[in-house]
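Worksheet: the structure to be examined is printed underneath.
Just so it is clear, none of the values below were taken in a lab; they were calculated from the coordinates. Bear in mind the structure is a predicted one, so any value in this text is a computation, not a measurement. Quick reminder, even Gly has a Cβ in these numbers, built from the backbone with ideal geometry, and neighbours come from all protein chains shown.
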Amino acid sequence: MDFLANAGIMVFIWLALVILFVVVELFTLDLTSIWFAAGALVAGLVAMFSGPFWAQALAFVVVTAVLLASTRKIAKRHLDNKIEKTNSESLIGKTSFVIEEVNNVASTGKIRIGDVEWTARAVNETEVIPVNTKIVIREIRGVKCMVEPAQEHAE
């Protein structure tokens, strides 16, 4: 274990950086610093075997860059596939029909999507949308669908 004493303070600095990067990764869970922790670990190994500082720094940069370039996209793709739209987010852009006149002034309006009735309000505050009008959902505000007639946006 005498080689550890001769390796100098750099081994401990690299070890501290490994711990720092791992702790940052644990708090962010965003795959931003784990690659730096691996680079610091390899640089610490180079320092442990009495490698010069330039070799330690080069090992850190090369290992970090290679890991970032080769695995970050793959890892992000596997982590991000669990993100799904909520029920309300998936409604934006869908069409439906008015089942109760939409009148913001009178605070009335309902639409049906599948088997579910939703409270509806017109995007244009002064517009009244009659029953059986085809509408497009533009936004969700709380529990209300903000709608406008579909024919205004025919493409």
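Summary table below
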{"read-out": "Cα gyration tensor, the stretch 89-150 - rounded (a/c under 1.5), prolate or oblate", "value": "rounded"}
{"read-out": "Paramagnetic label zone (point 7 Å from Cα along Cα-to-C-beta, GLN151; backbone N under 20 Å) in the stretch 106-143", "value": "110-112, 121-138"}
{"read-out": "Placed amide H near THR133: partners under 5 Å, 5+ positions off or other chain", "value": "VAL98"}
{"read-out": "Length gained when the stretch ILE92-ASN132 is fully extended (0.36 nm per residue, less Cα-Cα span)", "value": "12.5 nm"}
{"read-out": "Long-range HN-HN contacts of THR108 with modeled amide H, under 5 Å", "value": "ASN103"}
{"read-out": "For the stretch 128-137, Karplus couplings with θ = phi - 60° (6.51, -1.76, 1.60), whole Hz, Gly/Pro x", "value": "10, 10, x, 4, 6, 7, 6, 10, 10, 7"}
{"read-out": "Rounded to whole Hz, the Karplus (6.51, -1.76, 1.60) HN-Hα couplings of the stretch 52-67, x for glycine and proline", "value": "x, 4, 4, 5, 5, 5, 5, 4, 4, 5, 5, 4, 4, 5, 5, 5"}
